[in-house]
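Quick notes on the structure that follows.
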Amino acid sequence: MTAIEKGQARLSFVPEVGGAVASFTVAGRDVLRPAAPGVTDALATACFPLVPFCNRIPHGRFAFEGRSVVLPPNLAGHPHPLHGQGWRAAWTLERAAGGEALLSYDHAPDAWPWAYRAEQRFVLGEASFRAELTVINTGEKAMPAGLGFHPYFPRRPGETLTATNDGVWLIDTEVLPTLHHPGPWEADWAAGAPIEGHGLIDHCYTGWDQRATLRAPGGPDTVVTASPDCRWLHVYVPPGEDFLCVEPCASRPNPFGEGETGMAVLKPGERRSIWMEVRT
């Protein structure tokens, strides 16, 4: 496990586990949920990248520029592949010094038939870190591309989430989006709502203004901001767990579905980047 430090802030990585962040602490306090020693699954880390798409593709089937693609499942017991290839691959730590780090991953064509390079650049502040995620089309044909971040936060007693939005994608029993519901649903995050007291929340919120605040009595706020491309905010609050996820995304679930999904088309050599900052 490799770490960078600045003042009382410390950010550690497990690049071999999906290019993941293992922990982010300020003055010894966990701002992100820490990964256990020896972690082998990105789902048990502090944060991992979503590249080159976010969330689920129904049964892995889609068409792009006349080409039919079928992706295999990448989560045990779940038929719909999710989050791209980056989180299931080993990344290379290119550099970690002076409060900055660079991780990279090169994808060779397989079921996802396009070559690409992904990079994560981290800059650590006194009480924050900024992550920039980039995907570069290194192949010879145009490639679809969506990006996002999947940070996990410790659940604190009495915690609330405030995040402006104009609606939410409702889901079916397989966590696939069904229809868009305008306005508040279940929890009114736009007004600031408690984390506790709901059923499963695993939903994508639209009209996000790139700022979300987690607030708990007696503790410092955690503020998540992101680049303008991140117009969707995915919130995951599993009942009975000690964590929640607040995920800035530049594309939505079912990224090859109807309507505006946020997927870009990259010509050979083109790149797409987003950033996220976590501050306490």
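Things worth noting here:
- Residue ranges 243-252, 177-186, 81-90, 110-119 sort as 243-252, 81-90, 110-119, 177-186 when ordered by packing (mean number of other C-beta atoms within 10 Å per residue, highest first).
- Reducing region 42-119 and region 122-136 to their Cα centroids gives an inter-centroid distance of 19 Å.
- Potential lengthening between D188 and V175 on full extension [0.36 nm per residue; Cα-Cα distance subtracted]: 2.7 nm
- Debye log10 I(q)/I(0) for the chain, one point scatterer per Cα, at q = 0.07, 0.11, 0.15 Å⁻¹: -0.23, -0.59, -1.14
- For the chain, averaging the sequence separation of C-alpha pairs within contact (under 8 Å, six or more residues apart) and dividing by the residue count gives a relative contact order of 19 percent.
- Amide H to amide H distances under 5 Å link W208 with D166, L233, where only residues 5 or more positions off or on other chains count and H is placed in the peptide plane.
None of the figures in this text is laboratory data; all of them are computed from the coordinates on show. The structure displayed is predicted, hence computed values, not measured ones. Cβ atoms come from the backbone with ideal geometry, glycine included; neighbour counts cover every protein chain shown.
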